[in-house]
Amino acid sequence: MSARRPSDELHPWEIRESVLDLELLAQRESVFALSNGHIGLRGTFDEGEPHGLPGTYLNGVYETRPLPYAEAGYGFPEDGQTVVNVTNGKVIRLLVDDEPFDIRYGDLLSHRRVLDMRAGTLEREAEWRSPAGQAVRVRSVRLVSLVQRSVAAVLWEVEPLDGPARIVVQSELVANEVQPESPSMDPRAAAALRAPLVNEFAGALEERVTLVHRTRVSGLLVGAAMDHAVEGPDGTATHSEVEDDLGRVTVVTDLREGSTLRLEKFLAYGWSAERSLPAVRDQVEAALVEARHAGWDELLASQRETLDDFWAGADVELDGDLEIQQAVRFGIFHTMQAGARAERRAIPAKGLTGPGYDGHAFWDTETFVLPLLTYSLPHAAAAALNWRHSTLPLARERARTLNLGGAAMPWRTIAGEECSAYWPAGTAAFHVSADVADAVIRYVHVTDDRDFEREAGIELLVETARLWHSLGHHDPGGGFRIDGVTGPDEYSAVSDNNIYTNLMAQRNLLGAAEAAERHPERARELGVDDEEVAAWVYAAREVRIPYDERLGVHEQSDEFTRHQEWDFEATVDHYPLLLHFPYFQLYRKQVLKQPDLVLAMHLRGDAFTDEQKLRNFDYYERRTVRDSSLSACTQAVMAAEVGYVELAYDYLAEAALVDLDDLNSNTRDGVHIASLAGSWIACVAGLGGMRDHDGHLSFAPRLPGDLSRLAFRLCLHGSRLVVEVGHEQASYELHSGGPLEVSHHGRPFVLEPGSPVTLPVPPAPGRERPAQPPGREPRSRQGDARRSGAG
């Protein structure tokens, strides 16, 4: 068990912390973060201190900062965007006989925190004795509502344990919290912002306080409000006060031993780039009234009901490895939190759990996060794609700046503008546009949402197809080339005919042509004619796919297999390589940060033969160092497909445990949403062998020796499909809708509701496990002792 894991105590539905390590506060704050996709609360203690990295986030709230260039160039983005730590409403300070409750002082007699993934809550209980000898028990339950989008709430209680106590509670709203300085030079860390919020309004009435601020440069209005329901003995008194950056409600009481002070704290948040100050203020106050009207018990019950419905369609069950069962559910839970109520906002790489990557969204969203949401929470997937649609004017403008047609989606952004200051791994990574198109195509195939396709999807497909047609060109032999681009592997840059990029562009071009055929009137409104469609189809059919006949493998890009080999033996102690070597050296060698061609074989498996997949996997496995958290899930998927099932299991574990075990030593900045979603992909597409090429659903499941059962659920075409896999057979059951055409290890069949089908699982081919770069072998799960725990 990792020393960074919250607890050795395993539970299939809970993350438990029973031992407190102050050195790991920031990592635990990310793990215990709560969100609904609109509001994000890091898992800091109620009393505010000690903390690792305090954070409260609203999706889409950012500050603008100039991007520094030693030498500027035409087309370089001028401004960056950084997520803002907005007003913190979590703070509930406690004084016991005038001494502050602070776990660094006195004696912490017991400590327990529980992230309950079925209830959607963070629970905490601590028993503490003050330096003067007064012991109290403090309990709290925190939630960010999945039902009332603008609302969070805390139930907080204190009880004296060995005699009467004078109690003072200070419940606060705090703006412009001081953030700890980060000594790291890691480019993945967030840019520091000092006092980004300027007060516009501060008001208090009884137990209610409202603050409205404006971001200093980007000019966004941010509203936060709190209200309280207090239950205490006779004589309990309350008082409120407010300043520019502080709102406080103070509760004073005397408690006898065995009596309790109970505080229900309701929070409401909102922001706008367009509405007036009174409108934002009134919005949060109205949300607060609604929360008070519902009350704590109703908020808690509706949270559980919402999650019961979610898990009924999204759960993955793994028998035989409780640690990975817990971790996979943790990944699904955080992915759900990141997108559930984002509602036409981006899903950042860290969700709303921390400031890592400046709060930016990348291609991760469409490629790793949206598959899970499409099959389990389709309205959230649609909302994320509608956000991309809303940014099309900015993407068109970016394409024009680059002298290209159509729309060039940004590599990293919060509001839609390109924010990457590094051209080779930013602007040149044009594949993000095809990744968006791929997500559109998948969503429409899975949901049959023709209204979305007509209103937003076709425009995304058309504008990105226009980008590819202008970016590529036909060579003298007629082949369609896309030169000077960067694929998913960020240790290779500005190369010609990156296979991943070319194959995803091919899907994009054909998808746009097919959508135009389904919606001819809408296509005409977008200026699409028969000649343009024919040009897309011709380019797609002639797209260049580099292949090395000498080695019998595909080239990641032109001439890649002729580059100098990386000296892995000399760099065993220098991972991640990007922190120890210049990109100039990485770009010239055969070393991969993350799967590139291997990812293409997953998403475009229809373009490769089985033999090609095996040879390609073996070749690139030896050269992939997994310096990106996006690596393990893709390697799990393709390892399983080509017959390395035990290796797939090892990679599944790495994807799932990335944050619980802090494998990359940067979970302090937020969890890795794409890798966590990737643990679902590793289960469903890896061990479950699910593929959805062009809307045709197929499965080829196989289990590693230490797992006895895998079960997962998919929502598609308005139906719910349950797949259950054992070592000898797999069963498929359609719970509603239908009929549904699927295939199992190449055998097609039709599913009808109420008529499950059970088919044999063929044994995996006996193959010797492939090699990885020295020092980058995944930890083996076979016979791992970390499997047992609470049931």
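The values are calculated or read from the model by the stated rules, or taken from the named source; none is laboratory data. If you're wondering where the values come from, they're calculated on a predicted model, not measured in any experiment. Positions of Cβ are generated from backbone atoms using ideal geometry, with glycine treated the same way; all protein chains shown enter the neighbour counts. Only protein heavy atoms, including side chains, enter the accessible area calculation; ligands, DNA and RNA are left aside. Shrake-Rupley method; radii C 1.70, N 1.55, O 1.52, S 1.80 Å.
Quick look at the values:
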{"quantity": "For the chain, calculated [θ]222 nm from helices alone, where every DSSP H run of n ≥ 4 adds -39500 (n - 2.57)", "calculated": "-9000 deg cm²/dmol"}
{"quantity": "Cα centre as origin, Lys/Arg/Asp/Glu Cβ charges: segment 590-748 dipole, Debye", "calculated": "200"}
{"quantity": "Whether the chain is rounded, prolate or oblate, judged on the alpha carbon gyration tensor where a/c under 1.5 counts as rounded", "calculated": "prolate"}
{"quantity": "Inter-label distance for Arg550 and Arg450, nm, one decimal - labels placed 7 Å from Cα along Cα-to-Cβ", "calculated": "5.3"}
{"quantity": "Relative contact order (percent, whole number), segment 614-765, Cα cutoff 8 Å, 6+ residue spacing", "calculated": "17"}
{"quantity": "Difference of contour (0.36 nm per residue) and Cα-Cα distance, His239 to His574", "calculated": "115.0 nm"}
{"quantity": "Mean Cα-pair separation over length for segment 340-384, i.e. relative contact order, pairs under 8 Å, 6 or more apart, %", "calculated": "46"}
{"quantity": "Cβ-based charge dipole, the chain, positive-most Cα from Leu751, Asn498, Ser780", "calculated": "Asn498"}
{"quantity": "Length-normalised contact order of the chain in % [C-alpha pairs under 8 Å, at least 6 apart]", "calculated": "12"}
{"quantity": "Protection proxy ranking of 685-691, 265-271 - average other beta-carbon atoms within 10 Å, highest first", "calculated": "265-271, 685-691"}
{"quantity": "Cβ crowding within 10 Å averaged over residues, with 619-629, 461-471, 572-582, 112-122 ranked highest first", "calculated": "461-471, 619-629, 112-122, 572-582"}
{"quantity": "Cβ charges +1 (Lys, Arg) and -1 (Asp, Glu), total dipole of the chain, debye", "calculated": "560"}
{"quantity": "R0 of 25 Å, Cβ-Cβ distance Arg562-Tyr583: FRET efficiency to nearest 0.05", "calculated": "0.80"}
{"quantity": "Separation of the Arg518 and Ser736 label points, Cα + 7 Å toward Cβ, nm", "calculated": "2.2"}
{"quantity": "Percent accessible area from carbon and sulfur atoms, segment 653-740, protein chains only, probe 1.4 Å", "calculated": "43"}
{"quantity": "Model label zone, Asp706; criterion: amide N under 13 Å from point 7 Å along Cα-to-beta-carbon; scope segment 636-653", "calculated": "646-653"}
{"quantity": "Within the chain, percent of DSSP bridges classed antiparallel, to nearest 5", "calculated": "95"}
{"quantity": "Inter-label distance for Asp315 and Glu231, nm, one decimal - labels placed 7 Å from Cα along Cα-to-Cβ", "calculated": "3.1"}
{"quantity": "Accessible surface, the chain, averaged per residue in Å² (probe 1.4 Å)", "calculated": "36"}
{"quantity": "Furthest towards positive pole of dipole, Leu109, Asn36, Pro704, structure part the chain, Cβ charges", "calculated": "Pro704"}
{"quantity": "Loop-resident sites, segment 537-620, for GluC sites (Glu not before Pro), counting at most 10 other Cβ within 10 Å (DSSP)", "calculated": "Glu549"}
{"quantity": "Exposure ranking of Glu531, Glu733 by accessible area [1.4 Å probe, largest first]", "calculated": "Glu531, Glu733"}
{"quantity": "FRET efficiency estimate (nearest 0.05) - Cβ-Cβ, Asp483 to Tyr74, R0 22 angstrom", "calculated": "0.70"}
{"quantity": "Full-extension gain in nm, Glu768 to Val537, via 0.36 nm per residue minus C-alpha separation", "calculated": "79.0 nm"}
{"quantity": "Computed FRET value (nearest 0.05) for Asp694 with Asp475, which takes r as the C-beta separation and R₀ as 30 Å", "calculated": "0.65"}
{"quantity": "Integer Hz, Karplus 6.51/-1.76/1.60 couplings in order for segment 610-623, x for Gly and Pro", "calculated": "4, 5, 4, 4, 5, 5, 4, 4, 4, 5, 7, 4, 6, 10"}
{"quantity": "For segment 231-283, with +1 on Lys and Arg beta carbons and -1 on Asp and Glu, the positive-most of Ala273, Leu263, Val251 along the dipole", "calculated": "Ala273"}
{"quantity": "Fully extended contour minus Cα-Cα distance, from Thr260 to Glu305, at 0.36 nm per residue", "calculated": "13.3 nm"}
{"quantity": "Gyration tensor (alpha-carbon) shape descriptor, segment 160-285, a/c threshold 1.5", "calculated": "oblate"}
